[in-house]
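Undergrad: Would you mind keeping the following structure in view while I ask a few things?
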C-alpha cells in the first residue's frame with residue numbers, strides 16, 4: 001500500500017527527474033555523444049580513473065584469489081594441453097625461422113621493401129562497463145601515450161575491439177561483441193568476405209557476402225576492414241554452413257580473443273589512412289611482440 | 001557517508017569484475033547500493049542520490065546520458081515507496097531485491113532500445129537481466145548490513161529532508 005503524506009514532494013521530484021533524464025537522453029542522442037555530454041564524460045572519466053585505479057589495486061588480489069579457486073578445476077587438463085601445444089609450436093617455430101630467412105634473402109634479391117610492422121601501446125584493462133549490456137573496457141593508457149579514437153585493440157588471440165573515447169590517461173574500448181560493432185572479415189581458407197556482427201557476448205553473427213561460399217567449422221576469419229590492419233584473426237566459424245538457393249549465408253563465430261577475461265591488450269597505432277600501406281602478413285596475428293608491463 | 005558509499009558502489013561495479021565474471025555476468029552492484037541506501041535515507045534525499053548515482057554511471061559509460069539516471073532514480077523511488085513493507089515483513093526483502101533489480105534492468109533494456117542502444121537486439125538479453133538480479137539478491141547479505149550500520153537510523157534522523 002502507498003503511504004500518503006499530503007503533498008508528496010518525493011513523487012514530484014521523481015517526476016521532475018524523469019523528465020530531466022528524458023531531456024538529457026534526447027539532447028545527448030541529437031549530439032551523437034559529443035558536445036557538452038562528451039566533455040562531461042571525458043572530465044568525469046579523468047577524475048574517476050584514479051579512484052578506479054586505487055580500488056582495482058586494492059581488490060585485485062582478492063579477486064585473483066577467487067579466480068584462482070575457480071581455475072583449479074580445469075588446471076590439470078589445461079596443463080597437459082599446453083605442453084602439447086608448446087611442443088607443436090617449437091616445431092613450427094623452427095620451420096618458420098627457416099622460411100623467414102629464405103623470404104629475407106628473396107626480398108634482398110628482388111629489392112622489395114618489407115612492410116613496416118605497426119607500433120603498439122601495451123595497456124592493462126582497468127575497468128569494465130557499468131553493466132553487462134555495456135561491452136566496454138577501460139584501459140590505463142590514453143592520449144598521452146599516443147592513443148586516439150578508432151585505433152584497433154588486440155590481445156594475443158586476436159582482435160578485441162576499437163577505441164571509442166580517450167582521455168589523457170585512459171581510453172575506452174568497445175568490444176567486438178557489442179551489437180553495434182560490425183567488422184568486415186575474410187575467410188582465411190577461401191578468401192571469401194563477410195561481415196561479423198556482435199550479439200552482446202559469446203558468439204558473433206557472420207553473414208557472407210557471396211551466398212555461394214561454403215563455411216567449415218573452425219574456419220579462421222581475419223580482418224578485411226579498412227578500419228583495421230588486414231590479417232588480424234577475429235573469430236573462428238562455430239558451425240559450418242552452406243547457402244540454400246536464394247538465401248543469404250549466415251552462421252555464428254567464436255571470437256579468437258578471450259574477451260571475458262582480457263587483462264592486457266595492445267592498442268595498434270593505426271588509422272584507416274594507413275590501411276593501404278600497413279597490411280600485416282597473413283598468419284602473423286599481431287605483428288609486434290607483446291610488451292610486458294610490470 | 002551516503003555519497004561516499006554510492007561512489008564506492010560505482011567504483012567496485014566497474015573494477016571488481018574485469019576478470020572474475022561467473023557465467024559471464026556481473027552483479028548490478030551500484031543499483032544494489034542505491035537500493036540499500038534508499039531503505040534508510042529521507043525520501044527526497046534517496047531520489048536525488050539515485051539520480052546522482054545513475055548520472056555518474058551514464059558519464060562512465062557510452063550509453064545515452066540520462067539512461068542510467070532514470071533507472072537508478074526509479075530504483076530509489078520504488079524502494080522508498082516500498083521500504084515500510086520490507087520492514088514489516090523481512091521475508092519480502094529477498095524477493096523484493098530480486099524484483100527491483102530485475103525490473104531496473106528490464107527498464108534499462110526497454111529504454112536503451114528506444115534510445116538507440118540496441119539493448120533488446122542483444123542475444124543474451126534475458127540472461128543479462130536475470131543473472132545480475134540473482135547476484136544482487138545473493139550479495140544483499142553482504143551489502144545491506146554494513147549500509148544499515150553506516151547510515152541506518154542516523155541517515156533518517158540526521159537528514160534535513162528526513163521527514164519528506
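Undergrad: Out of all the residues in the range B:14-23, which are in contact (Cβ under 8 Å) with a residue 40 or more places away in the chain and within 14 Å of residue A:129 (Cβ to Cβ)?
TA: B:14, the sole residue that qualifies.
So that you can scan it fast, the table gives a plain yes or no per residue for (1) closer than 25 Å to residue A:251 by Cα; (2) at pLDDT below 90; (3) surrounded by fewer than 18 Cβ atoms within 10 Å (Cβ to Cβ); (4) not assigned by TED's automatic domain parsing to the domain that holds residue A:268:
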residue	(1), (2), (3), (4)
A:131	no, yes, no, no
A:136	yes, yes, no, no
A:148	no, yes, yes, no
A:155	yes, yes, no, no
A:180	yes, yes, yes, no
A:186	yes, yes, no, no
A:191	yes, yes, yes, no
A:206	yes, yes, no, no
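Undergrad: Continuing with this model, one more query. Please list, ordered by residue number, the strands (runs of 3 or more DSSP E) wholly in the range A:148-235 having 2 or more residues that are within 14 Å of another protein chain (Cβ to nearest Cβ).
TA: A:159-166, A:171-175, A:193-197, A:204-208
Undergrad: Hey, another quick one. Can you name the condition, by its number, that residue B:6 falls short on among (1) more than 7 Å from chain A (Cβ to nearest Cβ); (2) buried (at least 24 other Cβ atoms within 10 Å of the Cβ)?
TA: Looking at each condition in turn, residue B:6 falls short on (2).
Undergrad: Only one of these is buried (at least 21 other Cβ atoms within 10 Å of the Cβ), in contact (Cβ under 8 Å) with a residue 40 or more places away in the chain, within 11 Å of the chain's Cα centre (by Cα) and more than 24 Å from residue A:128 (Cβ to Cβ): B:30, B:38. Name it.
TA: Selected residue: B:38, the only one of B:30, B:38 that is buried (at least 21 other Cβ atoms within 10 Å of the Cβ), in contact (Cβ under 8 Å) with a residue 40 or more places away in the chain, within 11 Å of the chain's Cα centre (by Cα) and more than 24 Å from residue A:128 (Cβ to Cβ).
Undergrad: Can I ask one more? Do the conditions hold for residue B:18, that is, is it in contact with a strand residue (DSSP E or B) (Cβ under 6 Å, 6 or more places away or on another chain) and under 21 Å from residue A:56 (Cβ atoms)?
TA: For residue B:18, the condition - in contact with a strand residue (DSSP E or B) (Cβ under 6 Å, 6 or more places away or on another chain) and under 21 Å from residue A:56 (Cβ atoms) - is met.
The values are calculated or read from the model by the stated rules, or taken from the named source; none is laboratory data. Quick caveat: nothing in here was measured; it's all calculated off a predicted structure. Methodologically, a virtual Cβ is constructed for each residue, glycine included, from the backbone with ideal geometry; neighbour enumeration extends over all protein chains shown.
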